Amino acid sequence: MTLSALPLGLPVGVLPGGLDTTTRVVDSHTGGAPTRVVVSGGPALYGVTMAQRLQELQAHHDAWRRALVTPPRGHDGLVGALLTEPERPGSQAGVIFFDHRGYLGMCGHGTIGVVASLAHLGKVRPGPLWLDTPVGTVHAEFSLDGSVSLENVPSFRHLQAVAVEVDGRTVQGDVAWGGNWFFICGDHGLALKEEEAPALVAFCQQLREALRAQGVTGADGVPLEQIQLTGPALDPANRARNFVLTAGASWDRSACGTGTSARLACLAADGHLLSGEVWRQESITGSVMEAHWQPAPQAGQILPTLVARAYVLMEGTVVIQQDDPLGWGVAPV
Ligand code: PYC
């Protein structure tokens, strides 16, 4: 796969004729989880590393993020993706993910959406592609059947069997990294069914608060925003089902690429999933991500691979009318 047709030799937003303020997007969904990829326009970012560019976007262009993904143009389940120059010489592009509340280090369903959207535009062909993110470089492969295989960043379990008091009882879970930090809990006692989503959101929010109150965090004290509840699959073809609370009160319609990576790291650490063994992760909506892992160069870490398909939904041009009081979106609730 090549990105030769992408204007990646120029800062995003600047075209030969001058500043292009027109933001064009392609919307897709991966197992029900939506991604909005900015394929032209958007803020020019001059930081050298992806982490610096993320800080720049956050510090100087947060209004642009809000305009793109918060209501009324967006909604709380939507993940936006801004393409940048690559950071590393061997990569084809950089990508920064964001949502209605802020920014993500990495997004599995979003990366699959980015690759499928670029393929839809004829900017990638079947073959390998390296994308730099603020938390590391990922390797994607677009296949002729439309599926995308994504080798995610090294993933690992940070804390095991942490006991948390929530809703008058004690539950246990692991803290793991898969490109974002997750608290992964299996003994929640709740039914992982889509119609139970309001109860699942409420429980996960309580759990998130309890983790905060008890000082349970990711490495370096990073607060745990993402909560993953696990349970048995409903479809016998799959290995497990999950419900993933992401930013605020929003939840992932897909099996969550970074969440599945974090889960694989725990399964591998417990000896419950061997290297190369296929894990079919069912989401709360029944959509599936297939996954497997191989050992990472660093001891105790794995390299997860996720395979799924994203479908393009629409292409559009962002319009912000000067007299629209909500043209720049709304502040997060
Ligand atoms: O697929 O990694 C993912 C993801 C993160 C937040 C929403 N989806």
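The values are calculated or read from the model by the stated rules, or taken from the named source; none is laboratory data. Just so we're clear, the structure is a prediction, and the values are computed from it rather than from any experiment. So basically every Cβ, Gly included, is an ideal-geometry build from the backbone, and we count neighbours across all protein chains shown. Ligands, DNA and RNA are excluded from the accessible area calculation, which covers all protein heavy atoms including side chains. Shrake-Rupley method; radii C 1.70, N 1.55, O 1.52, S 1.80 Å.
Summarise the accessible area of region 76-169 (1.4 Å probe, protein heavy atoms) by the percent that is carbon and sulfur.
Summing carbon and sulfur atoms, their accessible area is 49 percent of the total for region 76-169.
Quick one: compute the contact order of region 34-183, relative version, from alpha carbon pairs under 8 angstrom and 6+ residues apart, as a percent.
Reported as a whole number, the value is 18 percent.
Leaving out ligands and nucleic acids, and using a 1.4 Å probe, what accessible area per residue does region 209-333 come to in Å²?
47
Starting at the first residue of region 261-272, write each ³J(HN,Hα) from the Karplus equation 6.51 cos²θ - 1.76 cosθ + 1.60 with θ = phi - 60°, in whole Hz, x for Gly and Pro.
4, 5, 5, 4, 4, 6, 4, 5, 5, 7, x, 8
Quick one: Karplus J couplings for region 45-58, per residue in order, coefficients 6.51, -1.76, 1.60, θ = phi - 60°, nearest Hz, x for Gly and Pro?
Those phi angles translate into 10, 10, x, 7, 9, 5, 5, 5, 5, 4, 4, 5, 4, 5 Hz.
Report, to the nearest 10°, how far helix 197-213 tilts away from the longest principal axis of the Cα atoms in the chain, using its own Cα long axis and a range of 0 to 90°.
Result, in degrees: 80.
Please work out the C-alpha center-to-center distance from region 121-171 to region 50-94 and express it in whole Å.
17
Please state the shape class of region 27-122: rounded when a/c is under 1.5, otherwise prolate if a/b exceeds b/c and oblate if not, all from the C-alpha gyration tensor.
oblate
Hey, got a sec? Which trypsin sites (Lys or Arg not before Pro) in region 68-150 land in a DSSP loop and have at most 12 other Cβ atoms within 10 Å?
Answer in residue order: no site qualifies.
Compute the projected area of the convex hull of the Cα atoms of the chain, averaged over all viewing directions, and report it in nm² to one decimal place.
The directionally averaged projection comes out at 16.8 nm².
Classify region 78-143: rounded, prolate or oblate, from the alpha-carbon gyration tensor (a ≥ b ≥ c, eigenvalue square roots; a/c under 1.5 rounded; otherwise prolate if a/b is larger than b/c)?
The shape class here is oblate.
As an exercise, use a Förster radius of 35 Å and the Cβ-Cβ distance of residue 190 and residue 294 to find the FRET efficiency, rounded to the nearest 0.05.
Plugging the Cβ-Cβ distance into 1/(1 + (r/R0)^6) gives 0.60.
Enter the accessible area per residue of region 82-147 (Å², integer; probe 1.4 Å; all protein chains in place).
32
Given axes a ≥ b ≥ c from the Cα gyration tensor, I'd like to know whether region 187-288 is rounded (a/c under 1.5), prolate (a/b larger than b/c) or oblate.
oblate
For the pair residue 275 and residue 220, how long in nm is the line joining their label points, each one 7 Å along Cα→Cβ?
2.8
Quick one: 3J(HN,Hα) in Hz for region 61-76, Karplus 6.51/-1.76/1.60 with θ = phi - 60°, rounded, Gly and Pro as x.
10, 5, 5, 5, 4, 4, 4, 7, 10, 8, x, x, 7, x, 7, 6
Search the structure for amide H atoms under 5 Å from the amide H of residue 166, placed 1.01 Å from N in the peptide plane, and list their residues when 5 or more places away or on another chain.
171
On a full-extension model of 0.36 nm per residue, what is the gain between residue 169 and residue 249, subtracting their alpha-carbon distance, rounded to one decimal in nm?
26.6 nm
Please give the charge dipole size of the chain, origin at the Cα centre, charges +1 on K and R Cβ atoms and -1 on D and E Cβ atoms. Round to the nearest 20 debye.
Taking the Cα centre of the chain as origin, the dipole is about 280 debye.
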